[in-house]
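What follows is a short report on a single structure.
The values are calculated or read from the model by the stated rules, or taken from the named source; none is laboratory data. On a predicted model such as this, the values are computed, not experimentally measured, just so you know. Reconstructed Cβ throughout: ideal geometry from the backbone, glycine too, with neighbour counts over all protein chains shown.
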Amino acid sequence: MKDSPHLQNFPQLNAFHAKPGFISLIGHRGARGLMPENTIEGFEYILDNDIIAIEFDVLLTKDEIPVITHDFYLSKAITRNSEGNWLSKDGPRISNLTSSQLEVFDVGGVDKSSSYGRLYPEQAFLSDVRIPKLTDLLDLACLPKGENLFLLLEIKSEPSFKKSTIIENIVFEIEKRSLSNRTVLHSFDWELLEECNRLAPNMPRSYLSQLPKSSDDLYDKPSEEISPDFSSFNGSIPEAIEAASGHLWCPYFKDVTADLVAEAHSLGLPVCTWTVNEVEDFENMIDLGVDGIITDYTDRAKNIFKSRGLRWQ
Ligand code: MG
């Protein structure tokens with residue numbers, strides 16, 4: 001791979017670049033296959049298992065507090081009410097609840113009778129687990145045990161807020177703790193990433209993509225994501241990211257080809273792919289030369305990396 005022109009300015013990008021004998025291992029929503037997604041308990045699991053990078057999702061509450069959760073609404077498949085019962089339907093939207101209203105809900109497990117829950121039979125089932133505020137995770141990253149943690153922070157583009165409002169609330173908390181040198185801002189919304197470039201130029205930006213042909217995949221259906229029209233890029237997503245001064249490309253794994261990885265690398269752009277969970281898919285992605293793998297099953301990833309003589313960072 002061509003040396004990235006950005007590594008000197010953004011040392012955190014080292015955590016997302018492959019090096020000879022090393023690949024990047026990134027826990028998806030913590031480690032969704034093993035622990036409740038997007039929870040402090042899941043992030044603690046990552047730290048306890050010597051993994052240094054996590055991907056997670058951030059949305060704003062009605063009172064503009066950044067919280068860590070994936071869907072724009074409370075999902076009945078992972079949310080119990082204050083009586084401990086599963087929600088009877090999805091909702092309300094996170095943007096319609098204050099952070100204190102959110103605190104009554106328990107997200108310590110999946111309803112294993114739901115179609116979503118059946119995807120994660122190995123996930124631990126805990127109780128009294130709250131949707132974390134972003135600050136809970138940032139504070140963890142400031143503790144000695146979290147000092148090596150790198151954050152791939154996905155900003156969800158909630159249309160009821162201005163993009164600048166979302167970004168400013170998130171960036172404020174990162175800057176307050178001097179964590180910008182361990183954070184990469186990550187989004188499907190490429191316009192929002194442009195705004196990040198303007199408002200937070202001291203943090204690198206990661207561009208998510210999923211081609212329309214693979215967008216119905218149940219395993220990782222994005223929720224109401226705003227994606228660019230890739231047909232307007234003359235067929236080259238890496239070139240489009242380069243043109244946008246992006247620093248990292250995170251394609252859906254079924255969209256990755258050896259040619260695309262080579263093209264990204266020729267531009268100095270590392271490639272971290274999501275969400276890779278099955279043995280043959282790990283093997284394929286390693287063969288295609290990706291820099292990093294975002295997975296729900298960090299334990300499986302480690303076993304495969306070991307079998308391939310790879311270490312992870
Ligand atoms: Mg995400």
Can residue 299 be described as assigned to a helix (DSSP H, G or I) and under 24 Å from residue 36 (Cβ atoms)?
yes
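For segment 149-173, name all the residues that are aliphatic (A, V, I, L, M) and either within 16 Å of the ligand (Cβ to nearest atom) or in contact with a His (Cβ under 8 Å, 6 or more places away or on another chain) (or both). Walk me through how you get there before you give the answer.
Taking segment 149-173 as the starting set, the residues that turn out to be aliphatic (A, V, I, L, M) are 149, 151-153, 155, 166-167, 170-171.
151, 152, 153, 155, 166, 170 - these are the residues of segment 149-173 that are aliphatic (A, V, I, L, M) and either within 16 Å of the ligand (Cβ to nearest atom) or in contact with a His (Cβ under 8 Å, 6 or more places away or on another chain) (or both).
Listed residues 94, 52, 46; which is closer than 21 Å to residue 172 by Cβ, in contact with a strand residue (DSSP E or B) (Cβ under 9 Å, 6 or more places away or on another chain) and at pLDDT 95 or above? Talk me through it step by step, then tell me what you get.
Working: 52 fails: closer than 21 Å to residue 172 by Cβ; 46 fails: closer than 21 Å to residue 172 by Cβ.
Among 94, 52, 46, only 94 is closer than 21 Å to residue 172 by Cβ, in contact with a strand residue (DSSP E or B) (Cβ under 9 Å, 6 or more places away or on another chain) and at pLDDT 95 or above.
Output the residues belonging to segment 137-149 that are more than 20 Å from residue 72 (Cβ to Cβ) and either touching a residue at least 24 places away in the same chain (Cβ under 8 Å) or within 16 Å of the chain's Cα centre (by Cα) (or both).
Matches in segment 137-149: 138, 139, 140, 141, 142, 145, 146, 148, 149.
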Flagged pairs (Cβ under 7 angstrom, 6 or more apart or on separate chains; first in segment 85-103, within 10 Å of residue 62 (Cα to Cα); second of a type in the set (Phe, Trp, Tyr)) are 93/72; 93/73; 94/72; 94/73; 95/161
Applying the selection to segment 185-209, what residues are in contact with a helix residue (DSSP H, G or I) (Cβ under 6 Å, 6 or more places away or on another chain), outside any loop (DSSP other than H, G, I, E, B) and closer than 24 Å to residue 140 by Cβ?
185, 187, 196, 205
Could you give every pair whose Cβ atoms fall below 7 Å, whose first residue belongs to segment 193-209 and is over 15 Å from residue 55 (Cα atoms) and away from the ligand (no atom under 16 Å from the Cβ), and whose second residue is assigned to a strand (DSSP E or B) and not acidic (Asp, Glu), counting only separations of at least 6 or pairs across chains?
197/205; 200/185; 203/183; 203/184; 203/185
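Identify, from the list 228, 270, 204, the residue that is under 21 Å from residue 163 (Cβ atoms), at pLDDT 95 or above and either under 21 Å from the mean Cα position of the chain (by Cα) or acidic (Asp, Glu) (or both). Before the answer, list the steps.
On the way: 228 fails: at pLDDT 95 or above; 270 fails: under 21 Å from residue 163 (Cβ atoms).
On inspection, the qualifying residue turns out to be 204.
Can you name every residue in segment 150-168 that is among the basic types (Lys, Arg), free of Cβ contacts under 8 Å to residues at least 40 places away in the same chain and crowded, with 19+ Cβ neighbours inside 10 Å? Reasoning before the result, please.
Just the residues of segment 150-168 that are among the basic types (Lys, Arg), to begin with: 156, 162-163.
Those left that are additionally free of Cβ contacts under 8 Å to residues at least 40 places away in the same chain: 162-163.
Matches in segment 150-168: 163 only.
Return yes when residue 84 is buried (at least 20 other Cβ atoms within 10 Å of the Cβ) and over 28 Å from residue 241 (Cβ atoms) and no when it is not. First the steps, then the outcome.
Details: buried (at least 20 other Cβ atoms within 10 Å of the Cβ): no; over 28 Å from residue 241 (Cβ atoms): yes.
No, not satisfied.
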